[in-house]
Each structure stands twice: as C-alpha cells, then as structure tokens.
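To keep things clear, I will list the structure first and then write my remarks on it.
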Amino acid sequence: ADPVGLVALVDVAAPTPTARADVRATYAGFVLGFTLFLWLCVRKPEWCAAGNAACALALTGFALARVLSAALDGPVNPMLLALAGGEAVGAVMAFAAWRKG
C-alpha cells in the first residue's frame, strides 16, 4: 500500500508512478503469489517438499545477495542486515523442514 515508505527503509526511492508500480509488483505481487503457492503446499501434502525447497532457496538467495552487496559495496543500512539475518534464519528452518521431508 505504501511502496515509497517500504523501500525508504533500505534507502531506495520510488519517485515515479512506474517505480511505485514496480515496487508493488516486486514486493507485494511476488509475496502474494508466493504466499498462495505455500498455502497450496499446505493444502496438498505432496507439495510440501517443493514448498520447503522454494522457501529455503528463495530466502537463501535474498540473504546472500544482501550480505554479498554489503561486502562488495561497503557499510549498509542496519535494516538491510536485520533483513538478511531474518532471511538466513528462515532459510535454515526451511532447509531443515525440507530435509525432514
């Protein structure tokens, strides 16, 4: 609902309608679609492994990209590192669930 405020937390601007539409698509649209996929995984037990794998890999990608960016470009906003930490914890949990089967 507030793409400008959302991305401002990590020092990104969305000054135009096009930028705000892309922020909504990337953050809200993807999150909504992925949430629906995970909901289907809960409803269909045979999909649970795929849901855990998708969570593990997506969260790992987010966390690694944030940490790698900080390493390559220098100090970052602490919010970015907090997000990476949460994503890393979530990734470990999803990998554990995926492995447990």
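The values are calculated or read from the model by the stated rules, or taken from the named source; none is laboratory data. Nothing here was measured: the structure is a model prediction, and the numbers come from that model. Note: accessible area is taken over every heavy atom of the protein model, side chains too, but ligands, DNA and RNA are not part of it. Shrake-Rupley method; radii C 1.70, N 1.55, O 1.52, S 1.80 Å.
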Per residue of segment 7-17, what does 6.51 cos²θ - 1.76 cosθ + 1.60 with θ = phi - 60° give for ³J(HN,Hα)? Whole Hz please, x for Gly and Pro, Karplus curve as stated.
6, 5, 4, 10, 6, 10, 10, 9, x, 10, x
Quick one: among Thr16, Thr35, Thr60, which has the greatest mean-square fluctuation in a GNM of the chain with alpha-carbon springs under 10 angstrom?
Thr16
Using a 1.4 angstrom probe, figure out how much accessible area the chain has per residue, in square angstrom, rounded to the nearest whole.
68
Note the listed values (1) 27, 19, 9; (2) 19, 17, 12; (3) 22, 15, 11, then indicate which one is semi-axes √(5λ) of the Cα gyration tensor in Å calculated from this particular structure.
(1)
The percentage of the accessible area of the chain (probe 1.4 Å, all protein chains present) made up of carbon and sulfur atoms, to the nearest whole number, is 72
